[in-house]
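First the structure, in the form of structure tokens, and then the observations on it.
Bear in mind these aren't lab numbers, they're just calculated from the coordinates by the rules spelled out. Since the model is a prediction, treat every value here as computed from it, not as a measurement. Positions of Cβ are backbone-derived with ideal geometry, glycine not excepted, and every protein chain shown enters the neighbour counts.
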Amino acid sequence: MALSGGVGFGNGRLIHHLDVVANRVLVVPSFDNFHEVRTMTIRPCALLAICVASALLVSVTAFAQSSSGAASPRTADGQPDLSGVWDFRTVTPLERPEELADKAFLTGEEVAAYAAERVRANNADLDREAKKQETTARGQVNGTSETRDLALAYNDFWWDRGTAVVETRRTSLVIDPPNGRVPELTTAGAERVAERVRINQRPTEGPEDRPLGERCITGFNSGPPMLPAAYNMNVQIFQTLDHVVLLNEMVHNARIIPLDGSDHGTVPMWTGVSRGHWEGDTLVVETKNFLRETSFRSSSDNLHLIERIQRQDEDTLVYTFTVTDPTTWTAPWTVELPMRRSDLTMFEYACHEGNYGMEGTLSGARVIEKSGE
């Protein structure tokens, strides 16, 4: 499959994949008018080779000695080196379980038992008979419908959520508000959630009725912002002097982040428009201009995101983000998520080839409609 060189607008001109990712390798002319742009195509293997070559040019690590004598990894350009593949699996939940009330941290003695319970709770099929007593009126067991789980054959074999809590021993990934919970939805936010439930319960009228993740556009754990999900929780970071690329394993999304001080423009994108800068050794990324159809936990196109990525040690990144959307939540909220270095190779997550599932979904909906005539 050929990939177009053009991916979006910035400062009144079309930005090219090659101009952005490997601007030291290829110089692609800019055009003031869209109709003048000549689209460049490139095969995936060639694109990968260019990305790797660009990364190798600037990601050879130089170690700068700090005053304390500790080695701080740096790129050849002197920037903090965040490059590599990073794994953000954890069984620590996004929100603090209500039964833990004001308990923000676990003791060392509590960690093993808590992690084991989280693994058990996540793997709803392991003791299905025992959990039948826990089934709610909606047929849910720990948030997973028994019928749905069996029909899709998604059991514990496929999950890769991890088995450990975060090293800080926090009881939630949410660190602000202090109660470890996502703030309440606004009235408008609650109405959007109710509308989505209504759409999901009716026969599918068209592809637009289905979630973005199901359509392999964006979603799952790729964000932005990034959050742990069921599996494929890896991100690969590439750096050049004036760009950072966050390549998520799922849904195979490469977010290209300029560091040149350019503005966000006005054109909305599926994953928003990201711009980054360095604050000391911390990469700060501001993202806004999300499409109306994009939804992070029922957010609107007013979503505003600040992400921070900092190297904690040789094998750890600390990723934090603050979400602000006054039309969705009653207050901003912040998450802290550690990422561990991985020596494994990240392969393409192809989602479902040809989107054949959509054909079946729409065909089934038409059968349901016809049977009701």
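Quick one: if the Förster radius is 30 Å, what FRET efficiency do Asp176 and Thr345 give, using the C-beta to C-beta distance and rounding to 0.05? Mind showing how you got there, number by number?
Values: r = 36 Å, r/R0 = 1.19.
Approximately 0.25, to the nearest 0.05.
Which FRET efficiency value, to the nearest 0.05, do you get for Arg198 and His264 by plugging their Cβ-Cβ distance into 1/(1 + (r/R0)^6) with R0 = 35 Å? Let's see the in-between values first.
On the way: r = 33 Å, r/R0 = 0.94.
The formula returns an efficiency of 0.60 here.
Provide Rg over Rh for segment 250-373; use the alpha carbon set for both Rg and the Kirkwood Rh (inverse mean inverse pair distance). All intermediate terms of the calculation are to be shown ahead of the outcome.
Numbers: Rg = 19.3 Å, Rh = 17.7 Å.
That ratio equals 1.09.
Take Thr322 and Glu208, extend 7 Å from each Cα along the Cα→Cβ direction, and tell me the distance between the two endpoints in nm.
That separation, rounded to one decimal, is 3.6 nm.
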